[in-house]
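The values are calculated or read from the model by the stated rules, or taken from the named source; none is laboratory data. Everything quoted here is computed from the prediction, not taken from an experiment. Here the Cβ is made from the backbone with ideal geometry for all residues, glycine too, and neighbour counts use every protein chain on show. All accessible areas refer to the heavy atoms of the entire protein, side chains included, with ligands and DNA or RNA removed. Shrake-Rupley method; radii C 1.70, N 1.55, O 1.52, S 1.80 Å.
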Number of protein chains: 2
Amino acid sequence: MTQSFRPRIKAPILLNSAEAEIIRALRRQGCITSSDITRMTGWSKAKTAQDIRDLVEKGFLMEAGEGISQGGRKPRLLCINRNLGFVVGVDIGATSVDVALADISGGILQRYSEAADVRQRPEPFLSRCVEIIFQLMDLQGCRSDQILGIGIGVPGPVDFARGVLVAPPLMPDWENFSIRGFVKESFPNAFVVVDNDVNIMALGEQRAGDGINVDHFIFVKIGTGIGAGIVSNGKIHRGSTGCAGDIGHICVDKNGPICRCGNTGCLEAMAAGPAIAEKAVQAALSGSSPFLKNLMNQNGGVLRPEDVNTACREGDQAALEIIRASGQMIGDVLAGLVNFFNPSHIFIGGGIANFGNHLLVSIRRAVLRRSLPLATTHLSINFSRMGADAGVTGAVALALEYLFVIEDQPTTTI
Amino acid sequence: MTQSFRPRIKAPILLNSAEAEIIRALRRQGCITSSDITRMTGWSKAKTAQDIRDLVEKGFLMEAGEGISQGGRKPRLLCINRNLGFVVGVDIGATSVDVALADISGGILQRYSEAADVRQRPEPFLSRCVEIIFQLMDLQGCRSDQILGIGIGVPGPVDFARGVLVAPPLMPDWENFSIRGFVKESFPNAFVVVDNDVNIMALGEQRAGDGINVDHFIFVKIGTGIGAGIVSNGKIHRGSTGCAGDIGHICVDKNGPICRCGNTGCLEAMAAGPAIAEKAVQAALSGSSPFLKNLMNQNGGVLRPEDVNTACREGDQAALEIIRASGQMIGDVLAGLVNFFNPSHIFIGGGIANFGNHLLVSIRRAVLRRSLPLATTHLSINFSRMGADAGVTGAVALALEYLFVIEDQPTTTI
DNA sequence: GAACTTCGTCTATTTGATAGACAAAGCGCT
DNA sequence: AGCGCTTTGTCTATCAAATAGACGAAGTTC
């Protein structure tokens, strides 16, 4: 054996249920011994040993030295073969792109973010993404054919089965463009999955955040737009055409302003980032907030949503009022969704997530006032603690979910 | 063998996945041959024959004569042993109770409805239900120990795991009362499952109505109250505390009337049966509807929601307006839920379901106006065609779902 | 150093499924 | 009626997967 062992693997990776169980245990625990598996699965020692031998032979597992003795002979440790392959998570936002390179068990190895404008055509945008991926691969010493899965989150309605955007308001040029096809040209061995950005954030929260082991939750992203990722019975709910969670265009006030969707008084038009900035400009111009006026002059006549937050921290009353109003409108909509969906957790993320407690308190108050007691007694509403990581973590998780496919799934209901 | 074969079975019935597959095939097709099973499962003839022998021995299957030849030897037909046991479905409404006795494959054998007042204490109410069940059993010649499963739907929020009502507005005396424990005293062999009435209607629509093979839908019941049964990824979504679907208390107008829940402008307070009747009384008194005034005098000063429907059919403009207003409010709420949940179907049932097209058109129009195009292009909004059957059919399906338990479910995700 | 544990391998055995031979039963054509 | 062909159902030999348990290697504890 003159050359190091490097099996050629192609996605998707088919596993039988026994193999899946072993790999799942390894993902959770990192390192594990053969008799650990025997104990947790109830299999005989021989079967466990045989399955492990097979997985090692196929290149999924490798030995990792000896463990500590439990009062007898030292066990041999097993871990996932991190050189088998890699997965990539891409989180495309309206104004930025986040890329992560991860090993096959979901551990992030390299990470990179940069500003980007999603309104350009998909080809140059995605070419730049691919370039970033190659740079991260170089840093890690990873070849193109070792990329086995790529998960991509995009800020618009996705037809999940086809992997294309349908009528995306932010990025009209992307409509029906095959993101999967374009990316796959550079990574022939990879399985490419495209999903809505909020869905991947929800997935990230479920896999690596506070949403772990939570059966029913809603991840609300508040930024330029407002959207929700939904988890029902432990699974992402995408809806019949894949556009579930589009709560930004729920009506809060029939007599409200006109939204870019054409309707009046949509939540997004009244409570999202641009609306907050617009209200701030008005407060500055009307003189009700000297602080904002000052900030606006410094910024060259423009105010961003973050400026309202800054003003609020400095004790500016008008800014506080703007944030409270936003929180209340969001809370009013969430109250209805809590009655309908009865989640145990609501996680709030996106650019607004660092707006601190004033926003959160307003949201909570509105939800508690308008939801049924049975639905709110055990309801937790909090900012996601994952920050910008939720997106890429979820994109990596999405890639992994579709990279490993379990064969022979028997019928689950009668 | 002097006595006919009657095995003693106790719920829940444990099946392995092969047995489950056979029984599922039999449920669908009614009668089936051994080689049919071979073809649809891909198993060898020997395995199929062996499994069938086992199921016949256990009493689940029985032979049903010979089938027609396919060009060779005649096959022996197999069917489910209908004498093995029975299940019961009970649909408790606010003012009525529906009971059905069904065989083990869900076919309804006997059915009975009567008026009942759910506001009384649970013991006498449920005693009457048990009495009805025994009467249906007598008609069918079925013994008490042959009842293997009982599904019960109740009009209020149910803690599904415990099988008790939690803070039910319609039936406060039932709070925390163990329906399961009470019913099980009369049917020691039965597995008793209690669920919300709207959930069982959704289940009925899914199993025996137009919801078959529909992954994501909402069943909306409009009657004295308004509630929704939710199916996500083909499964009932009950939410974290089991009260999902309580859409009757979503706000439609902050300045609206006070609801019994204490809030203002709830959908239920403005668009459900009592609100319709109340508006009709006002229309009668104000003189805007001579027809309703006439009807009210005939009824002794009282108007029911059905009277508005009658008036509308006769061309009464005020009644039409009342119905349209209700439909619009319901549609406005559903529009938000369509954006959030993206179902492919909405089924409308309950006492209002025979209000005809005016209501439906108003609902559809409101939903289409306020929902996103991607969510509505393939959305169907229709009355449930099951009428009063949805409840009991679903209750029977619920009982069956928990009566048969498939062992050794392997992990489905990695 | 003796007694007891744990770990990992190996063998004999059991269990479950398969392939394919074969007989029974039926159809269609001459 | 007879012949060839098909389908059905049973039986047997065989293969594959999992188990139990023996056994030696390697460690710990007293």
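Before moving on, here are some points about what is shown:
- Buried between A and B is an accessible area of approximately 5100 Å², summed over both sides with a 1.4 Å probe.
- The P(r) of region B:48-186 has a tail past 23 Å containing 47 percent of all C-alpha pairs.
- Residues in region B:360-378 occluded by at least 30 Å² - accessible area, probe radius 1.4 Å, against chain by itself: B:R370, B:L372, B:L374
- Between B:T38 and A:M40, the FRET efficiency estimated from the beta carbon spacing at R0 = 35 angstrom works out to 0.45.
- Portion, in percent, of the accessible area of chain B that falls on carbon or sulfur, probe 1.4 Å: 51 percent
- Full extension of the chain between B:S144 and B:A49 gives 30.9 nm of extra length, using 0.36 nm per residue less the Cα-Cα distance.
- A 1.4 Å probe, protein heavy atoms only, puts the accessible area of A:L403 near 0 Å².
- Region A:105-127 and region B:243-260: distance between their alpha carbon centers, rounded to Å: 43 Å
- Net charge dipole size for region A:13-80 [Lys, Arg +1 and Asp, Glu -1 on Cβ; Debye, nearest 20]: 200 debye
- Annotation: amide H-H contacts under 5 Å for B:L109 (H modelled 1.01 Å from N, sequence separation of 5 or more, or interchain): B:L101, B:A102, B:D103.
- Magnitude of the charge dipole, region A:214-385, Cβ model with Lys/Arg +1 and Asp/Glu -1, debye to 20: 260 debye
- A:C79/B:K235 FRET efficiency (R0 41 Å; Cβ-Cβ; nearest 0.05): 0.70
- Take A:I32: with every protein chain present and a 1.4 Å probe, its accessible area is about 0 Å².
- Placing a label point 7 Å from the Cα of A:L109 along the Cα-to-Cβ direction, the distances to the matching points in the other copies come to 6.4 nm, shortest first.
- Sequence-separation-based contact order of region A:31-101, relative, with Cα cut under 8 Å and 6+ spacing, percent: 26 percent
- With a Förster radius of 30 Å applied to the beta-carbon distance between A:S96 and B:D253, the computed FRET efficiency rounds to 0.15.
- Taken per residue, the accessible surface of the protein assembly as shown reaches 42 Å², heavy atoms only and a 1.4 Å probe.
- For region A:326-353, residues shielded by at least 40 square angstrom of accessible area compared with the chain on its own, probe 1.4 Å: A:N339, A:F340, A:F341, A:N342
- A:E131, A:E114, A:E21, reordered so the largest accessible area comes first (probe 1.4 Å): A:E131, A:E21, A:E114
- Listed residues B:T241, A:T48, B:T310 arranged by accessible area, highest first, probe 1.4 Å: B:T310, B:T241, A:T48
- Temperature 37 °C, viscosity 0.692 mPa s: under these conditions the Stokes-Einstein estimate for region B:237-351, based on its Kirkwood radius over C-alpha pairs, is 213 µm² per second.
- Cross-link table A:K254/B:K254; A:K254/A:K293; B:K254/B:K293, entries beyond 22 Å C-alpha to C-alpha: A:K254/A:K293; B:K254/B:K293
- Take every pair of alpha-carbon atoms less than 8 Å apart whose residues are at least six positions apart; their mean separation over the length of chain B yields a relative contact order of 17 percent.
- Mean separation of Cα contacts under 8 Å (6+ apart) over length of region B:214-384, as relative contact order %: 22 percent
- Prolate/oblate/rounded label for the protein assembly as shown (Cα gyration tensor, a/c 1.5): oblate
- Minimum 30 Å² accessible area buried by the other protein chains, region B:389-414 residues, probe 1.4 Å, relative to alone: B:I406, B:Q409, B:P410, B:T411, B:T412, B:T413, B:I414
- In straight-distance terms, cross-link reach from A:K279 covers every one of the aspartates and glutamates whose alpha-carbon lies under 19 Å from its own, apart from those fewer than eight places away in the same chain; here that gives A:D253, A:E268, A:E306, A:D307, A:E314, A:D316, A:E321.
- Label-to-label distance, B:R365 versus B:D159, with points set 7 angstrom from Cα along the beta-carbon direction: 4.6 nm.
- Taken as entire DSSP H runs, the helices of chain A that both span 24 Å or more between Cα atoms along their own long axis and average 0.5 or more on the Kyte-Doolittle scale are A:317-341.
- For region A:162-253, trypsin sites (Lys or Arg not before Pro) meeting the loop criterion (DSSP other than H, G, I, E, B) and having at most 14 other Cβ atoms within 10 Å: A:R162.
- Full-extension gain in nm, B:I68 to B:V302, via 0.36 nm per residue minus C-alpha separation: 78.0 nm
- Cα-centre dipole for the protein assembly as shown with unit charges at Cβ (Lys and Arg positive, Asp and Glu negative), debye to 20: 940 debye
- Cross-link partners of A:K74 among lysines (Cα-Cα below 27 Å; sequence separation of 8 or more within a chain): A:K45, A:K47, A:K58
- Anisotropy class of region B:184-251 from Cα gyration tensor, a/c 1.5 cut: oblate
- Proximal aspartates and glutamates to B:K10, defined as alpha-carbon separation beneath 13 angstrom and excluding residues fewer than eight positions away on the same chain: B:D145
- Taking amide H positions as modeled 1.01 Å from N, with prolines and chain starts lacking one, the residues under 5 Å from B:A64 and 5 or more places away or on another chain are B:L77, B:L78, B:C79.
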